[in-house]
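Down below is the structure, laid out as structure tokens.
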Amino acid sequence: MLRLIRQSVTKRYIQQWEKHLKGFSTVAQAEPQKPDIKTSVPGPKTTALLKELSSLQQAGSVQLFADYDKCIGNYFVDADGNTFLDSFTQISSVPVGYNHPALLAAFEDKHSLRALVNRPALGVFPAVDWPQKLRSVLMSVAPRGLDAVSTMMCGSCSNENAYKNVFMWYRLKERGGKLDFTPEEMASCMVNQPPGSPNLSILSFKGSFHGRTFGALSTTRSKPIHKLDCPSFDWPVAPFPRYKYPLNQFKSENHAEDNKCLEQVADAIEKYKTKGRPVAGVIVEPIQSEGGDYEASPYFFQELQKLCQNSGAALIIDEVQTGCGPTGKMWCYEHFELPAPPDVLTFSKKMLTGGFYFKLAERPSHPYRVFNTWMGDPGKLILLEKVLQVIKNENLLALVNETGKVLKDGLHKLESEFPQVIDSVRGRGTFLAFNATDTKCRDKIVADLKTNGVLGGACGETSVRLRPALVFAPKHAAIYLDILRKTLREI
Ligand SMILES: Cc1ncc(COP(=O)(O)O)c(C=O)c1O
């Protein structure tokens, strides 16, 4: 009976959304109906390619080789012709599915093609339409109150350069707004000593991931493998909430958890001030992703912002993974109803270009201080412009919320059907996750999902994360849930 009700609800959703998508999304119409696995996974061609690649580099992270001519919408096609429903989308970085026609058309006009071919040193020779492009594309989705933007190459370098920006802003405040540097500062920075290279710090959270370049890596706290053998800064760390689920049954415990973590943030800020290494910035993911999809309440973020304001540190929100719509809002921090905007917001992945938003008043005092040769790529902004149009024209934030509801309800049903295998369903929009009993079980779920036709992602010790494209509709959710049920039954 339950099964019949479930099937009819799912069918109703699918019909509703197919009606919605008709005439809108060419991708939705061109997609296959379902996954199609023709060989063992990995198949023979993939195995041969992996052998070849391994003879050139460390290729242990490679899962599959894609046939990008054949990938379409929510479906990934591998070298062996296997078609997978993609719920992980290249570590959450494909905004509107594979080969979206609007993106394929982006370089048909010669002006855009020339922007791709003539890649500029953006900080020195930007194109005549660059300021207008920044305004009409990136600033059109800027967090309220942040009136400046700097483009960068990737998530790590967005955070890395955001930290530099914050340190320069902090030191400018300490100098009382004086723009000149002392001879002592100029001499000491050349031997990596204060006062020119000051003992300032960035606080980050246990379980956080902010990237792999040196500054960013010092704030990454998810897994030892990312950090081993690399020198790091002595910067403070504080715990990030670890909630009990379901949230509505553990309200007071989770609130106490928020307060415990906030107290430790305050303690760490105080300790590092006393130690002569004050906290200039606090970086936080709205949902800790790579570390295990841990979420925190609006209350936690509001109080964290107060702690930053009271100590004079900048609040840096890392939306590299959460940004551009997957939580049902353009930026995940919008769910937190902060009374004031964050000081800095960093982005990459689904935004296709890296970068960070900040306040113009906080820009570096001199040129070439937050700078590199490319500082991003105008070609990526041309694609982002199309992505933002598709999000608007296809009403994709509404779709994310609708699909998210179907997925989350379905996952809750599965956790009650298989309580010995999965629990702690959580997240916002389609940015969802659940836990398996242990790492071995989690790894088996992800591996079996793949052989059953679904690409999925792992994070933290025991979590499975969902990171579909924004065009993942209820009909894809139904396929995902059916295959997950089959997979869990077989475990
Ligand atoms: C929250 C967050 N910040 C930063 C990064 C680093 O981005 P990139 O891999 O582009 O350097 C990632 C990558 O997964 C991320 O999830």
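With the structure loaded, tell me whether Lys386 is over 25 Å from Glu285 (Cα atoms), assigned to a helix (DSSP H, G or I) and either touching a residue at least 12 places away in the same chain (Cβ under 8 Å) or of a type in the set (S, T, N, Q) (or both) or whether it fails that test.
When the stated conditions are applied, Lys386 passes them.
Could you please find all residues in region 292-304 being in contact with a strand residue (DSSP E or B) (Cβ under 7 Å, 6 or more places away or on another chain) and open to solvent by less than 10 Å² (accessible area, probe 1.4 Å)?
Gly292, Asp293, Leu304
So, in region 206-228, of the ones that are in contact with an Asp or Glu (Cβ under 8 Å, 6 or more places away or on another chain) and of a type in the set (A, V, I, L, M, F, W, C), which residue ends up most open to solvent (accessible area, probe 1.4 Å)?
Looking at the filtered set, the residue picked out is Phe214.
Starting from residues that are away from the ligand (no atom under 11 Å from the Cβ) and under 18 Å from Thr430 (Cα atoms), keep the ones in region 331-349 and report whichever is surrounded by the most Cβ atoms within 10 Å (Cβ to Cβ).
Filtering region 331-349 for residues that are away from the ligand (no atom under 11 Å from the Cβ) and under 18 Å from Thr430 (Cα atoms), the one surrounded by the most Cβ atoms within 10 Å (Cβ to Cβ) comes out as Tyr333.
Search region 214-230 for residues being part of a loop (DSSP other than H, G, I, E, B) and closer than 24 Å to Ile269 by Cβ, and hand back the single one that is farthest from the ligand (Cβ to nearest atom).
The qualifying residue farthest from the ligand (Cβ to nearest atom) is Arg221.
Out of everything in region 238-250 that is in contact with a strand residue (DSSP E or B) (Cβ under 9 Å, 6 or more places away or on another chain) and open to solvent by 60 Å² or more (accessible area, probe 1.4 Å), what residue ends up being farthest from the ligand (Cβ to nearest atom)?
Lys244
Inside region 163-205, can you point out the residues that are touching a strand residue (DSSP E or B) at 6+ places or on another chain (Cβ under 7 Å), away from the ligand (no atom under 16 Å from the Cβ) and either open to solvent by 50 Å² or more (accessible area, probe 1.4 Å) or not in a helix (DSSP H, G or I) (or both)?
Selection gives Leu200, Ser201.
Any residue in region 190-213 that's over 18 Å from Arg175 (Cβ atoms): show its pairings with residues that are polar (S, T, N, Q) and open to solvent by 10 Å² or more (accessible area, probe 1.4 Å) at Cβ separation under 6 Å, as long as the two are six or more apart or on different chains.
Gly207/Ser222; Phe209/Ser222; Gly211/Ser156; Arg212/Ser156; Thr213/Ser156
Would you confirm whether or not region 390-403 contains a residue that is among the basic types (Lys, Arg), assigned to a helix (DSSP H, G or I) and under 19 Å from Gly323 (Cα atoms)?
yes
The values are calculated or read from the model by the stated rules, or taken from the named source; none is laboratory data. Everything numeric here is computed off the predicted structure, so don't read it as measured data. With ideal geometry, Cβ positions are generated from the backbone for all residues, glycine too; neighbour counts draw on all protein chains shown. The area values use the complete protein model at the heavy-atom level, side chains included, leaving out ligands, DNA and RNA. Shrake-Rupley method; radii C 1.70, N 1.55, O 1.52, S 1.80 Å.
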